[in-house]
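Participant: This is the structure I want to talk about, given as structure tokens.
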Amino acid sequence: MTTTRTIPPNVHQSWHAQPSTAVVAALESSLDLGLTADAAATRLAHFGHNALDEHAQRSRWEILLAQFISPLILILIAAAIITTALGKISDTIVISVILVLNAVIGYVQEHRADRSVHALMQLAAPSATVIRDGRTQRIAAKQLTIGDIVILESGDLVPADLRVLTATQLRVDESLLTGESVPVQKNTNPVGDAALPADRLSMVFKGSTVAAGRARGIVTAIGADTQLGDIATQIRAQDRPKTPLQQRMNRLAYVITAAVLGATVVAFVLGLWLGNPLEEMFLTAVALAVAVIPEGLPIAFTVAMALGVRRMAAHNAVVRSLPAVETLGSTTVIGSDKTGTLTANQMTVVEIYADSQHHHGPFTSTHPQALTPALTSILYATEAKLTLDGDTIVERQGDPTETALLALAHDCGIDVNLPRTLLVTVPFESDRQYMYVIVDDDGPVLHLKGAPERVLARCTTQASGTGDKPLDHDALVAAQDAMARRGLRVLASASLRLDENTPLDQDAPIDATNLTFTGLFGLKDPPRQGVIQAIADVRAAGVRVVMITGDHATTAQAIAEELLLADNTTVLTGDEVEQRDDATLANDVTHVSVFARVTPKHKLRIVAALQSHGHVVAVTGDGVNDGPALKAANIGIAMGQSGTDVAREASDMVLTDDNFVSIARAITEGRVVFANVRKVTYFLLSTGAATILAILATILGGLGLPYTPAALLWLNVVTNGVQDVALAFETAEPDILNEPPRSPSEGIVSRILWERAILTGVMLAAGSLWLYLWAQQADAPLAQQRGAALTALVVGMATHAYNARSTSRSVFKAGLRGNRLLLSASIIALGMHGIALTFGPLQNLLGISLFAAGGWLRIGGVCLAVIAISELHKWVRRPKTQARNVT
Ligand code: ATP
């Protein structure tokens, strides 16, 4: 069959009803070579991408519009209309400037955030294995086109509608399409033309997952033409949901707005009652509301989230769902796989037990004769491949356990690329814990390898130098145990010469139990670099780490001890989990730190048991059956390198390097996001409180208003406008991992912060009034009095932004330059205010002018006082923060 450049004439046919060879011919492809790169490119251009109408990104206009439809902004717009109606055009101008400034900052930040978050999430987009130009390659699923030959393995997400061309025990979960959760066996036989999609056993459909087995298929439909495409248009999810923190923040913003409006009305009524002119009071009330409403909060939130997503991606954690960013920060338990996540997945065979003896590596071509049967088993029972250049291994393809075993055979001087006739291959699946092949070696011979318990259960004899002997089960178990105690991952091998007449059907597993045991292999897999430190770090941060592994209990325990996973390593096995009811298991999970020989089904129960204690559980997974546990966990973490598509689809986060260290980093970043949102909110609360208090006090004291409406609006520009967003850029505080996880129900602003916001607010207000009165008493002109009062607030608030950089640490420890953006924001804000104080037109607009030099000294005093009160409160409240930490 040849591949051509042409587009096949008719791609809409009943492919399920035709023989597979006819389908390949009609679609002008080839089972072994696939399409040529050229043909694929031509077809891709013709048929378009294999993508459902993607969850559309918001357009620029939508983002811009969104800046104006928040209730906070609507109040501003109303204020602008009112001031225009009253003929106060200068106020209208200032309000408009605020509106535009807010919209621009909001737009720029959100646009950038949207783009980068979208781009980062794409990193976790599905891919597919295809054959093109005769080469097997991994491409983005989007790039698939009609006629592509796709290779499917268990755990893969079916990337398009495919006609099955070859199949080995292929079972496919089509629940997304049919609602039927039992996997369906598929094969290559054509079905009736009129068969409904659910009955088309010769087809696999986009969006279903391969539950078991292997297959090759040819792409017959892509994108919206697939069966899923039909459904997707009906069920497409609208609007992205708001994250819990976002919802809580929105509620807080409403509460603040309501409080501000209430205070404004009070100020207005009081002012009138005490004889202030109506129009002035009205404008002041409007300006006050505008100045104090925290319209910057939503922007700061977006920025904090986007930065969190970006930092996590930089540390190899790709977030798939935004709420994960904040949930991560409150994680209390991490349930981690062992192989590849905690360990390096770089395995070497260091020990072999064969012919009743332990043999220790390194192994060379002068190995004892006794090893030969064991080496023969693993040479055949494998799906891995080594590429050699002379005598050196240049590439390892396949499962690291298998390549390590092949490398051993190579070291022992065996030709690992010897041609062999494979009759049957049954691949390894974690649920089964073994794999086997049947090769033609003067008749069919079965070679099996897997977890020792599983293999030994099928053996009746063992190989020895003097022929086969009866199986010494106890000695073998003791040997395995000795290896496992040294932290080695142990596999057993066995073989059996089959009767010539044994039916060899891929799809009907052989259930032989009279095998000959050939050897035990001990593989060393060292801890990943940095994992021991990362475990120590997260444990210090009050996060428990439990290992959930398919490996043997003794091996798992030895490694857990090496990693210092817990003070006392207690192990529970999958069988024990099986025997326990939910209540007993819930009791056990409080102290067990290693779950061994567990299957994904057990994992789900372990997650539920941990959650029953109120734990926020992050769990890793890679296998085809890990989906439910990943979904059930508060944070499902999939392995980007070794993981299956199914695991990725079910997860909230994907680790591109499969590394535990990245989980620890992501938790830190999750905490940073929350901490920053909290800092911004606290800052906005305290400055808002200051402004309201100052106005209420002057009204009550009958002192005349210290700020013109325009000046209040100005305050909004030079303090809240930029400094609050700058606080969202704060990096991790050094002690962020010394604190226990935050309770998920904890409010954005804690009681301690409410207290501090009021205290510092009072101090700022008092400082401003002090300067106002000082200028009044010196008989300075009104503009100077107001200039002094306003400047005290502007400079005091700029100083206070530095207090807000840490909620617990002293401002002197946090330093001045740690946040460059904040530093520039303060310099710009103060510079602008300096201009306003001296530049005629602005002076007139704001009703202020430069005051006597003595004022500056006093303003310096106000700043010191604001720092002092914040420091004092941090200090007084610190013991209490720590007391809470212990509980
Ligand atoms: P984790 O779940 O932490 O990744 P794991 O990788 O050890 O742990 P599995 O891959 O489920 O878990 O392996 C379970 C057992 O199956 C291993 O201890 C080993 O004895 C056996 N085993 C693993 N890989 C193979 C393989 N390719 N062929 C045969 N047996 C295997």
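Participant: Does region 541-620 come out rounded, prolate or oblate by the C-alpha gyration tensor, with a ≥ b ≥ c the root eigenvalues, rounded set by a/c under 1.5 and, if not, prolate when a/b is larger than b/c and oblate if not?
Facilitator: Note, shape of region 541-620 comes out oblate.
Participant: In nm, give the distance between the simple-model label positions of Thr460 and His111, each being 7 Å from the Cα along the Cα-to-Cβ direction.
Facilitator: 7.7 nm
Participant: Please give the contour-minus-distance gain from Arg817 to Asp779: 0.36 nm per residue of separation, less the Cα-Cα distance, rounded to one decimal in nm. Can you show the working numbers first?
Facilitator: Working: separation 38, 0.36 × 38 = 13.68 nm, distance 3.97 nm.
Computed gain between Arg817 and Asp779 is 9.7 nm.
Participant: Can you give me the C-alpha center-to-center distance between region 570-621 and region 744-770, rounded to a whole angstrom?
Facilitator: Here the answer is 44 Å between Cα centres.
Participant: Relative to the present Cα-Cα distance, how much length would full extension add between Arg396 and Thr731 at 0.36 nm per residue of separation? List each step's numbers first, then the result.
Facilitator: Working: separation 335, 0.36 × 335 = 120.60 nm, distance 4.05 nm.
Gain in length upon complete extension: 116.5 nm.
Participant: Right, another one. Note down the magnitude of the dipole of the chain about its Cα centre, charges +1 on Lys and Arg C-beta and -1 on Asp and Glu C-beta and zero elsewhere, to the nearest 20 debye.
Facilitator: So the dipole magnitude of the chain works out to roughly 3920 debye.
Participant: If you don't mind, there's one more thing I want to ask. Can you work out the FRET efficiency for the pair Val182 and His12, with r the C-beta to C-beta distance and R0 = 30 Å, to the nearest 0.05? Write down the numbers at each step before the final one.
Facilitator: Working: r = 30 Å, r/R0 = 1.00.
According to the calculation, E is roughly 0.50.
Participant: While we're here: Return the distance in nm (one decimal) between the two label points of a simple spin-label model at Asp389 and Trp754, each offset 7 Å from Cα along Cα→Cβ.
Facilitator: Simple spin-label model gives 6.8 nm for this pair.
Participant: At q = 0.24 Å⁻¹, what log₁₀ I(q)/I(0) does region 702-751 have when each alpha carbon counts as one equal point scatterer in the Debye sum?
Facilitator: -1.01
Participant: Pairs of alpha-carbon atoms within less than 8 angstrom and 6+ residues apart define the contacts here; what relative contact order does region 152-201 have, in percent?
Facilitator: Details: 44 pairs, mean separation 14.1, N = 50.
Over region 152-201, the number comes to 28 percent.
Participant: Provide, as a two-decimal number, the C-alpha radius of gyration of the chain over 2.2 N^0.38 Å, N being how many residues it has.
Facilitator: Working: Rg = 34.6 Å, N = 887, 2.2 N^0.38 = 29.0 Å.
Expressed relative to 2.2 N^0.38 Å, the Cα Rg reads 1.19.
Participant: Report the FRET efficiency, 1/(1 + (r/R0)^6), for His49 and Ser175, where r is their Cβ-Cβ distance and R0 is 22 Å, rounded to 0.05.
Facilitator: Numbers: r = 26 Å, r/R0 = 1.16.
The value I calculate is 0.30.
Participant: Still on this model: So how far, in whole Å, is the C-alpha centre of region 414-428 from the one of region 704-730?
Facilitator: Value for the Cα centre distance between the two parts: 73 Å.
Participant: Mean residue ellipticity at 222 nm from the helices of the chain, using -39,500 (n - 2.57) per DSSP H segment of n ≥ 4 over the full residue count, to the nearest 500 deg cm²/dmol? Can you show the working numbers first?
Facilitator: On the way: 31 runs with 420 residues, N = 887.
That calculation yields -15000 deg cm²/dmol at 222 nm.
Participant: To check you understand DSSP bridge types, tell me what percent of the beta bridges within the chain (both residues inside) are antiparallel, rounded to 5. Before the final figure, lay out the partial values.
Facilitator: On the way: 74 of 97 bridges.
Percentage antiparallel, nearest 5: 75.
Participant: If I require 24 Å or longer along the helix axis, counting alpha carbons, and a Kyte-Doolittle average no lower than -0.5, what helices from the chain are left? Use full DSSP H segments. Don't skip to the answer; put the middle values down first.
Facilitator: Working: long enough: 89-122 (48 Å, 0.74); 244-273 (43 Å, 1.09); 297-314 (25 Å, 1.36); 660-701 (62 Å, 1.23); 751-777 (39 Å, 0.71); 782-803 (32 Å, 0.49); 820-838 (27 Å, 1.53); 854-886 (49 Å, 0.11).
Those that pass (Cα extent of 24 Å or more, hydropathy at least -0.5) are 89-122, 244-273, 297-314, 660-701, 751-777, 782-803, 820-838, 854-886.
Participant: Sticking with this structure for a sec: Report the label-to-label distance for Glu562 and Ser430 in nanometres (one decimal), using points 7 Å from each Cα along the Cα→Cβ vector.
Facilitator: Inter-label distance under the simple model: 2.0 nm.
Participant: Between Arg138 and Ile82, 0.36 nm times their residue separation minus their Cα-Cα distance comes to what? Numbers along the way, then the final one.
Facilitator: Values: separation 56, 0.36 × 56 = 20.16 nm, distance 6.17 nm.
Extra length from Arg138 to Ile82 when fully extended: 14.0 nm.
Participant: Moving on. Of Ile532, Ile559, how do they rank once you tally other Cβ atoms within 10 Å and put the fewest first? Can you show the working numbers first?
Facilitator: Details: Ile532 17, Ile559 26.
So the ranking, lowest neighbour count to highest, is Ile532, Ile559.
Participant: Give, as ranges by residue number, the residues of region 438-465 whose backbone N falls under 16 Å from the point 7 Å along Cα→Cβ of Thr513.
Facilitator: In region 438-465, the label zone of Thr513 (backbone N under 16 Å from the point 7 Å along Cα→Cβ) covers 453-461.
Participant: Here's another thing I want to ask about it. What are the lysines whose alpha-carbon lies under 17 Å from the alpha-carbon of Lys813, with same-chain residues fewer than 8 places away excluded?
Facilitator: Partners within reach: Lys679, Lys874.
Participant: Then there is this: What is the fewest-to-most order of Glu669, Glu453 by other Cβ atoms lying within 10 Å of their Cβ?
Facilitator: Details: Glu669 25, Glu453 15.
Fewest-to-most ranking of Glu669, Glu453: Glu453, Glu669.
Participant: Return the FRET efficiency for the residue pair Leu64, Leu270: r is the Cβ-Cβ distance, R0 is 41 Å, and the value is rounded to the nearest 0.05. The partial results should precede the final answer.
Facilitator: Values: r = 39 Å, r/R0 = 0.95.
Calculated value: 0.55.
Participant: Continuing with the same structure: Ranking Phe812, Phe301 by Cβ neighbours within 10 Å, fewest first, what do you get? Show your work: numbers first, answer last.
Facilitator: Numbers: Phe812 10, Phe301 25.
Starting with the residue having the fewest Cβ neighbours, the order is Phe812, Phe301.
Participant: Right, here's the next one. List, in the order given, every pair from Lys142/Lys631; Lys206/Lys338; Lys524/Lys603 whose Cα-Cα distance in the structure shown is over 30 Å.
Facilitator: Working: Lys142/Lys631 25 Å; Lys206/Lys338 32 Å; Lys524/Lys603 25 Å.
Beyond 30 Å between Cα atoms: Lys206/Lys338.
Participant: Additional query: What's the percent breakdown of Cα-Cα distances in region 497-549 across 10 Å bins, shortest bin first?
Facilitator: Cα pair-distance distribution for region 497-549, in percent: 15, 25, 15, 16, 20, 9, 1.
Participant: Give, rounded to the nearest 20 debye, the magnitude of the charge dipole that region 351-417 has about its Cα centre when Lys and Arg contribute +1 at Cβ and Asp and Glu contribute -1 at Cβ.
Facilitator: 80 debye
Read the figures in this text as sums done on the coordinates, not as results from a lab. Nothing here was measured: the structure is a model prediction, and the numbers come from that model. All Cβ positions, even for glycine, are placed from backbone atoms using ideal geometry, and neighbour counts span all protein chains on display.
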